[in-house]
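Asker: Below are the structure tokens for one structure; questions will follow.
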Amino acid sequence: MISWFKYSYWLTILVPLTAVIVTPTTLFPFIVGKYVVFRGLVDLALIMAAAGVLFLPDESREFISRIKNFLISPLGLAVSIFSLIFVLAGFFGVNPSFSFWSNFERGDGGLQMIHLYTWLVLMVGLFKTQKDWYRLFSISVWSAGLMCLYGFLAGSGANGFVGARFSDPSFRFQGSIGNPAYVAAYLIFSLIWALVLIRAKIVAKKILEPAGLGLIFLSGIFIWVFFLAQTRGAFLGLVAAAVGGLGYLGFHNKKLRKWFLALGVVVLLGVGSMIFFKDSSFVKTLPVSRIFQISFAEETFGTRLGIWKMAWEGAKERPILGWGPENFITVFDRKFDPTFFKPEVGFQAWYDRSHSIYFDALATTGFLGLISLLGMWLVFFWQTIKSDILTLGEKALAMGAAAAYLVQGIVLFDVFTIYLSFFILLAWVGASFLIEEKKYND
């Protein structure tokens with residue numbers, strides 16, 4: 001008998017490896033191959049799961065039951081509402097076709113959201129035990145490791161590897177993602193998955209085995225590459241993750257509360273000092289000094305303020321469902337402030353995103369989209385706290401990952417690799433309510 005659900009399982013669990021794909025022969029080598037392979041894997045996994053439902057009635061009952069129980073749960077409902085509003089906003093927007101299909105460069109839009117939602121549902125239905133989630137985290141961590149390896153090979157000028165060279169002026173690490181801003185944001189999630197696995201190895205007293213040492217090594221690489229990417233928004237996200245996670249641990253662990261809270265204060269004071277003294281000779285000599293150049297007077301922040309103003313003006317004109325996903329360029333064209341244009345900047349004054357997940361949601365999916373986005377994360381926090389299956393440490397890491405996403409999203413918009421990461425996070429916490437404790441502790 002064909003193991004349809006097993007085939008679907010492996011296709012689903014291999015999805016994080018798409019972050020490593022680079023297609024030099026396409027016009028956008030860091031984007032196109034990723035979303036094409038992602039959709040292919042999800043479509044095949046869905047077909048295999050559908051075949052399992054048709055031909056394996058005994059196995060399909062649990063699969064269908066898990067999905068049903070997730071969809072009627074608070075987090076399942078919140079994710080479903082968010083995804084539905086995203087797609088509906090496209091159909092009611094100014095260019096429904098573009099909102100649904102997107103373009104060759106971005107590969108986002110309604111079709112991509114449907115695939116992401118399908119992938120989340122498959123994860124919830126197919127991953128039944130702790131071991132399944134740890135396997136997914138392991139693949140995600142090693143995928144991030146390969147992403148870093150690609151960047152090192154490209155940086156050294158290896159033949160066939162495209163990307164920034166170490167010898168380039170103002171080098172910032174691009175990896176196989178192609179954009180340093182998203183390399184850093186992606187690695188925050190990768191570090192979270194690695195820490196979940198490291199904690200499990202410590203509990204099992206296997207941390208000194210090759211797999212445990214490999215996780216520690218990769219975590220160090222992730223931190224190194226994170227700073228090589230020199231992304232200020234992601235850096236603030238990392239700080240939020242550290243402070244949020246430590247704060248949660250301190251609040252729930254009375255014995256160690258003062259130590260966790262003290263460590264959080266040290267992190268804030270250390271980062272605050274580096275930002276305050278960003279113009280000192282010491283900070284400027286640091287190879288990663290760019291991440292400390294955080295100020296409301298920065299030109300990049302001024303640029304974002306101008307774009308956010310345009311997004312706000314656009315949202316006031318179409319407040320309910322916005323202009324439709326992928327249609328921010330229409331808002332930009334109609335609400336463009338001439339004083340914002342600088343001839344010396346040229347095409348850098350052209351934007352198809354508002355460079356903020358919040359203003360993007362507001363302009364392209366309206367107030368309903370923004371409310372569904374924020375509501376989804378509020379439900380996520382509530383369900384994380386209520387989970388009886390996740391350990392205190394895992395809850396803190398999940399909280400930290402969500403905090404990082406929400407903070408870095410103030411100045412960055414979502415791309416495929418970030419969507420991958422936060423849908424894993426949503427599925428993990430959502431599925432924890434469906435896992436029997438005896439299975440979870442296998």
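The values are calculated or read from the model by the stated rules, or taken from the named source; none is laboratory data. Keep in mind that this is a model prediction, so the values were computed, not measured. We place every Cβ from the backbone using ideal geometry, glycine too, and count neighbours over all the protein chains shown.
Asker: Just to check your reading of the model, which residue among 431, 404 is in contact (Cβ under 8 Å) with a residue 60 or more places away in the chain, closer than 18 Å to residue 195 by Cβ and of a type outside the set (Phe, Trp, Tyr)?
Answerer: 404
Asker: Could I ask something else about it? Looking only at the range 167-183, count every residue that is on the phi > 0 side of the Ramachandran plot, of a type in the set (Ser, Thr, Tyr) and either surrounded by 24 or more Cβ atoms within 10 Å (Cβ to Cβ) or in contact with a Lys or Arg (Cβ under 6 Å, 6 or more places away or on another chain) (or both) and tell me the total.
Answerer: 0
Asker: For the range 184-206, which residues satisfy the criterion of being of a type in the set (Val, Ile, Thr) and either within 27 Å of residue 233 (Cα to Cα) or surrounded by 24 or more Cβ atoms within 10 Å (Cβ to Cβ) (or both)?
Answerer: 188, 192, 196, 198
Asker: Run down 52, 76 and say which single residue is within 30 Å of residue 363 (Cβ to Cβ) and buried (at least 19 other Cβ atoms within 10 Å of the Cβ).
Answerer: 76
Asker: Go through the range 225-271 and give me each residue that's under 27 Å from the mean Cα position of the chain (by Cα) and not in a helix (DSSP H, G or I).
Answerer: Residues satisfying the conditions are 230, 231.
Asker: Just one of (1) part of a loop (DSSP other than H, G, I, E, B); (2) at pLDDT below 90; (3) of a type in the set (D, E, K, R) trips up residue 438, so point out which.
Answerer: (1)
Asker: Hey, another quick one. Would you point out which residue out of 397, 390 is without any contact (Cβ under 8 Å) to a residue 60 or more places away in the chain and either assigned to a helix (DSSP H, G or I) or surrounded by 21 or more Cβ atoms within 10 Å (Cβ to Cβ) (or both)? Let's see the steps before the verdict.
Answerer: On the way: 397 fails: without any contact (Cβ under 8 Å) to a residue 60 or more places away in the chain.
Unique residue meeting the criteria: 390.
Asker: Run down 220, 247 and say which single residue is under 27 Å from residue 385 (Cα atoms) and either of a type in the set (Gly, Ala, Ser) or surrounded by fewer than 13 Cβ atoms within 10 Å (Cβ to Cβ) (or both).
Answerer: Result: 247 is the single residue among 220, 247 that is under 27 Å from residue 385 (Cα atoms) and either of a type in the set (Gly, Ala, Ser) or surrounded by fewer than 13 Cβ atoms within 10 Å (Cβ to Cβ) (or both).
Asker: Sort out which residues of the range 159-202 are of a type in the set (Val, Ile, Thr) and under 22 Å from the mean Cα position of the chain (by Cα), and write them in order of number.
Answerer: 177, 183, 188, 192, 196, 198
Asker: Restricting to the range 47-62, name every residue that is in contact with a Leu (Cβ under 7 Å, 6 or more places away or on another chain) and touching a residue at least 60 places away in the same chain (Cβ under 8 Å).
Answerer: Hit for the range 47-62 is 49, nothing else.
Asker: OK, next. Only one of these conditions is not met by residue 355: (1) on the phi < 0 side of the Ramachandran plot; (2) modelled with pLDDT under 95. Which number is it?
Answerer: Residue 355 satisfies all of (1) on the phi < 0 side of the Ramachandran plot; (2) modelled with pLDDT under 95 except (1).
Asker: Answer with yes or no whether residue 319 is modelled with pLDDT of 95 or more, outside any helix (DSSP H, G or I) and surrounded by 20 or more Cβ atoms within 10 Å (Cβ to Cβ).
Answerer: Judged against the criteria, residue 319 is not a match.
Asker: Have a look at 97, 102, 83 and point out the one that is of a type in the set (Ser, Thr, Tyr), modelled with pLDDT of 95 or more and either under 19 Å from residue 418 (Cα atoms) or crowded, with 22+ Cβ neighbours inside 10 Å (or both). Step through it out loud before you land on a result.
Answerer: Details: 97 fails: either under 19 Å from residue 418 (Cα atoms) or crowded, with 22+ Cβ neighbours inside 10 Å (or both); 102 fails: modelled with pLDDT of 95 or more.
After applying the criteria, what remains is 83.
Asker: Right, next: Do we find that residue 131 is surrounded by fewer than 21 Cβ atoms within 10 Å (Cβ to Cβ) and free of Cβ contacts under 8 Å to residues at least 40 places away in the same chain in this structure? Show your work before the answer.
Answerer: Values: surrounded by fewer than 21 Cβ atoms within 10 Å (Cβ to Cβ): yes; free of Cβ contacts under 8 Å to residues at least 40 places away in the same chain: no.
It is false that residue 131 is surrounded by fewer than 21 Cβ atoms within 10 Å (Cβ to Cβ) and free of Cβ contacts under 8 Å to residues at least 40 places away in the same chain.
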